[in-house]
Amino acid sequence: MPPNYWNGTKSPTQQDSQFRGNAGNREGRYGAEYVLLGLWYLGTLVRMADDPKLLVERVQTGVRIEKRILKVLKGFAEYHDMTLGDVLEGIVLHAFDGKTPFNAVSLERIRQLKKFYGLDLDSSASHRLQEIKLKSPRKRGRKKQNKNEEAS
């Protein structure tokens, strides 16, 4: 177990020198990596409030969305280690409150993702997108099958 660096009696280097055997050796058993790890954990140990309204029921949905928009959203979610659903919920909840869901850093990341995935649409295209009508492969197969039956 690493020594307690947070009691204020000695610096982390002085405290862990007894474990390393050499006070000048910075690559000891409990070195700077534990100090950084300890600071990281101190910053992330936040108890979430037990608010009953935060307990929700999620449902699976089959939403159709433009392909490149989806790629940007998935890339953004992956970058922030979130699920696509969490990103969409966050965007919608912010929009419902009349707030912007993204800060300047996130908007820059989105610009980069849009460029990478070739998304040249902006809000002016909203509600005006038209879907390309592709023929279903099943329908094509049935026509060929019907033609084969007629030829026999």
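The values are calculated or read from the model by the stated rules, or taken from the named source; none is laboratory data. As the structure is a computational prediction, the values presented were derived from the model and not from experiment. Ideal geometry is used to build each Cβ from the backbone, glycine not excepted, and the neighbour counts take in all protein chains shown.
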I need every pair where a residue in the stretch 68-89 that is assigned by TED's automatic domain parsing to the domain that holds Glu57 has its Cβ under 6 Å from the Cβ of a residue that is of a type in the set (D, E, K, R) and crowded, with 16+ Cβ neighbours inside 10 Å, sequence separation at least 6 or different chains. Val72/Lys114
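Yes/no matrix, rows are residues, columns are (1) touching a Gly at 6+ places or on another chain (Cβ under 7 Å); (2) at pLDDT 55 or above; (3) under 29 Å from Ile132 (Cβ atoms):
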site	(1), (2), (3)
Asn4	no, no, no
Gly8	no, no, no
Thr13	no, no, no
Ala49	no, yes, no
Thr61	no, yes, yes
Lys99	no, yes, no
Asn103	no, yes, no
Filter the stretch 94-120 down to the residues that are in a helix (DSSP H, G or I) and more than 17 Å from Ala77 (Cα to Cα), then identify the one that is nearest to the chain's Cα centre (by Cα). Ala95
Of (1) assigned to a loop (DSSP other than H, G, I, E, B); (2) out of contact with any Asp or Glu (no Cβ under 9 Å at 6 or more places or on another chain); (3) surrounded by 14 or more Cβ atoms within 10 Å (Cβ to Cβ); (4) among the hydrophobic types (A, V, I, L, M, F, W, C), Leu134 satisfies every one except (3)
Considering residues of the stretch 63-97 that are basic (Lys, Arg) and exposed (fewer than 14 other Cβ atoms within 10 Å of the Cβ) only, the residue modelled with the highest pLDDT: Lys67
